Every structure is written in C-alpha cells, then in structure tokens.
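A short worksheet on the structure shown next.
Since every read-out is calculated from the coordinates, none of them should be taken as a lab result. Nothing here was measured: the structure is a model prediction, and the numbers come from that model. Cβ placement follows ideal geometry from the backbone for every residue including glycine, while neighbour counts extend to all protein chains displayed.
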Amino acid sequence: MVLNWIWIAFFAVAFLMALGRTLVDGDLQVWSDVMNASFDQAAFAFEVSLGLTGVLTLWMGIMKVGERGGVIEFFGRLISPFFSRLFPGVPKGHPAMGAIFMNISANMLGLDNAATPMGLRAMQEMQTLNPNKDTATDAMIMFLVLNSSGLCLVPISIMMYRAQGGAANPTDVFVPILIATAIATLVGLGALCLRQRIRMDRVIWSWLGGIAAFVALVTWFFSSLPADKVQVYSTFFANVILFAVIIAFLGAGVRRRLRVYDVFIEGARDGFKTAVMIIPYLVAILVAIGMFRASGALDVLTGWVESCVAWLGFDTQWVGALPTMLMKPLSGSGSCAMMLDVMKANGADAFVSKLAAAVRGSTDTTFYILAVYFGSVGVTKTRYAAGYALLADLTGAVAAVAVAYCFF
C-alpha cells in the first residue's frame, strides 16, 4: 500500500510541478522534457532487464547446482541459529536460508551482479512458503530491509569512480562508507525486530557483536594499507571469493555425481524467465522517477532545503550532496549520475564530493530492490516494507553526513 501511494505521488508531483512552471514561467518545454523522460526511462528499464538476463542466467544456473549439490543447505545450517530468529517463518534447513546468506554475503563484498540472482533465488524459495502469494511475508520484508540497508564491506565501484575523477586518494571514503552502512543496517534491523516482535536473545546479540567486530577488523586492515593498495586488495579478495564460490558449487555437484551441466541449464532457464518477469515492475518505478526528476521537482526540493538550513544557521556544505541522497533510494544509476555531477562541478577532493560518495555507498537502491525482488515472485501487497527500508535509507544518509564531517 505504501509503495502504491509513493508511486502515484511521483506522477502527481511531476504533473503539478510542470503545470506550475507553465503557468508561472511560461515554460512549455517542460512537458516535452517530462514525456521524453518517461520514454527514455521505459527504454532504460528494458535495457536494465536485458542486461540482467545474462547475469541471472549464469548465477541462477550456478545456484541450482549449489542447491542440488547440498551447498545451499550447508550454508543454511551454518547460519541457522541466527537467521532462524530473524526469519522465524522459514523452517530450519530450508533452501531459502542458504540463498539469503549467499545474497547478503555477496552484497557485503560489493558483488552486485552476483547478489541480485542470489536474492531472487531467496525470494523464490520464500514464496514457496507464502500462503498468500500476492502479499509479502514477514520474512520477505526482513530480507528486503537487510538488502536496502546495503551493508557493504568493499565499495569497489565508488572507489573506482573517484579514481577516474582524479581524486588524490580514491580510497579515503572507504571507512566512512563502512561506518555509515553498518549504522544503517543495525538501525533497520533493530527497528524491524521491534515491529515483528522478534526477541533479541543472546544468539542475536552474539551474532550482531560478531558482525560489528568483523566490520571493525576489516576497517583496521584496509586502514593500515597504503592508499594505492586498498582498491587493489579489495577487488582481489572480492573476486577470489566469488570464483571460489563457483568452484565450490561445481565441486559439490561433482561430489554428488550430478550431471552438472544439465542441472546448470535447468537453473539458467529460470534465470531467463525471471529477467522477463521483472520488466513491468522496473518500467513502473523508473518511469515515475524519471518524470519526477525531469519536472524539476527534485531541484526545487533541494533549493528549499538549502534555504531552510541556511535560515537555521547551520552549515550548508552538505546540501550539495542532497540530490545524491534523495536519488539513492530511487535509482542506482540516477544517484551515481548525481555523485559524478557533484564531483565534476566541485572536484573529486572537495568536501561535498567526498560526502556524496559516502552517501552513495551508505545504503542500497530501495525502490529498485522492491520492484525487482517483489516483482520476481508476483508480490503486489508489500505491507510495511517500503517504510522500514526508507528508515534504513534515512539513517544511512544522516550517518554519512555526520561521519563525513568527522573525517573530512
């Protein structure tokens, strides 16, 4: 229901904004801009889905081999004490547990292309347990909020963009991003545990403490490296782990004497079907976002916030990163474009550019995730998923601003 009204609001605000620009400023071009944005975004949504087809086909095939080979079941048992409490609606040993673990692990390593197929697999497994196929379960919502909060240990792409932009030290945003995304994840997870009345027992606290210690260890390790080695080692470790996963899955299939190639093809067919299924959901979300942006509503909102901040007597430097902050939950490519625009206008080493990078890496793309993951299983009633995912987004953005002021 929340997503329904948010989606309608994008169109309504875009229309009113365009109407206002025409009546007040005599701007007739805005209508062409808005409609062209709708066509461009619809085409872009199809391109995104088409681009995902190959990746989904590959990884859904690999996941099928892992499932038949018992690897997914193994991971499910490994994290069962923790995840069985966060996902009480998913039975112990169910394939969904292993897929959830693989997805979250891939996200933490910054492996977006691998994380999405694993996440779609997790949603499909959870949908088999769903008595109301069009309504999100508590487990699905927990999974979506964990994805939206976007805990990422290795923000490879952002460091690469900063290097391309000429930053003197492209990796200087690594620790701020890690801190901001960890805070967003903990707040989103804690709030949802309260909402779903999940008891925070010793097991949950132990796992959360272990995750916090692991984040601290990773922070210490990368902080101790020379600046020019951080990106090299982070990319190396991420890709080695990813390739090791593929080898482990194939090896498990061989150990169980599966016809590994045939099993892979079976799973790959599911990947193609999934890529086609998500097209309508992506078109719906990306078109609404594109029209909202083209109408000028985003620019007006940014200007209004800057005026309010200045009137209150606070520093306004961070407002330059506000477009990135607002676009982040809406569109990954949009927020990336906003971040690059800030870097181009101010220089890669300006405070606002570093802040925009920290904001870009603090959380994931909420509405894209909602559209793709719920769309892949035909869920239309998302309940309170959007609200809690946006809470994680807001927390991550605020944390990124606070941490950036501390570091930069």
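Each stretch of four or more DSSP H residues adds -39500 (n - 2.57); spread over every residue of the chain, this sum gives -25500 deg cm²/dmol at 222 nm.
Filter Lys64/Lys328; Lys64/Lys133; Lys229/Lys354 down to the pairs with a C-alpha to C-alpha distance above 29 Å, please. Where the Cα-Cα span goes over 29 Å, the pairs concerned are Lys64/Lys328.
Any chance you could run the full-extension gain for Ser32 through Met200? It's 0.36 nm times the residue separation minus the Cα-Cα distance, nm to one decimal. All intermediate terms of the calculation are to be shown ahead of the outcome.
Details: separation 168, 0.36 × 168 = 60.48 nm, distance 5.31 nm.
Gain on stretching Ser32 to Met200: 55.2 nm.
The residue among Val218, Ala288, Val24 whose Cα reaches farthest toward the positive pole of the charge dipole of region 2-407, with charges on the beta-carbon of Lys, Arg, Asp and Glu, is Val218. Placing +1 on the Cβ of every Lys and Arg and -1 on the Cβ of every Asp and Glu, with no other charges, gives the chain a dipole of roughly 1560 debye about its Cα centre. Here the spin labels are modelled as points 7 Å beyond Cα on the Cα-Cβ line, and at Phe236 and Phe214 they lie 2.2 nm apart. The relative contact order of region 306-408 comes to 27 percent, based on Cα pairs under 8 Å that sit 6 or more residues apart.
Determine the relative contact order of the chain: mean sequence separation of Cα pairs under 8 Å and six or more apart, normalised by residue count, in whole percent. Please list the in-between numbers first.
Details: 622 pairs, mean separation 121.3, N = 408.
That works out to 30 percent.
Across region 158-312, the volume of the C-alpha convex hull divided among the residues equals 263 Å³ per residue. Computed from the alpha carbon atoms alone, the convex hull of the chain holds 141 Å³ per residue. Could you check the simple spin-label distance between Phe11 and Val276, using points 7 Å along Cα→Cβ, in nm with one decimal? With each label point 7 Å from Cα toward Cβ, the separation is 2.6 nm.
With K and R counted +1 and D and E -1, the other residues having a Cβ less than 12 Å from that of Val359 yield a net charge of +2. Taking label positions 7 Å along the Cα-Cβ direction at both Asn169 and Asp25, the computed distance is 4.1 nm, reported to one decimal.
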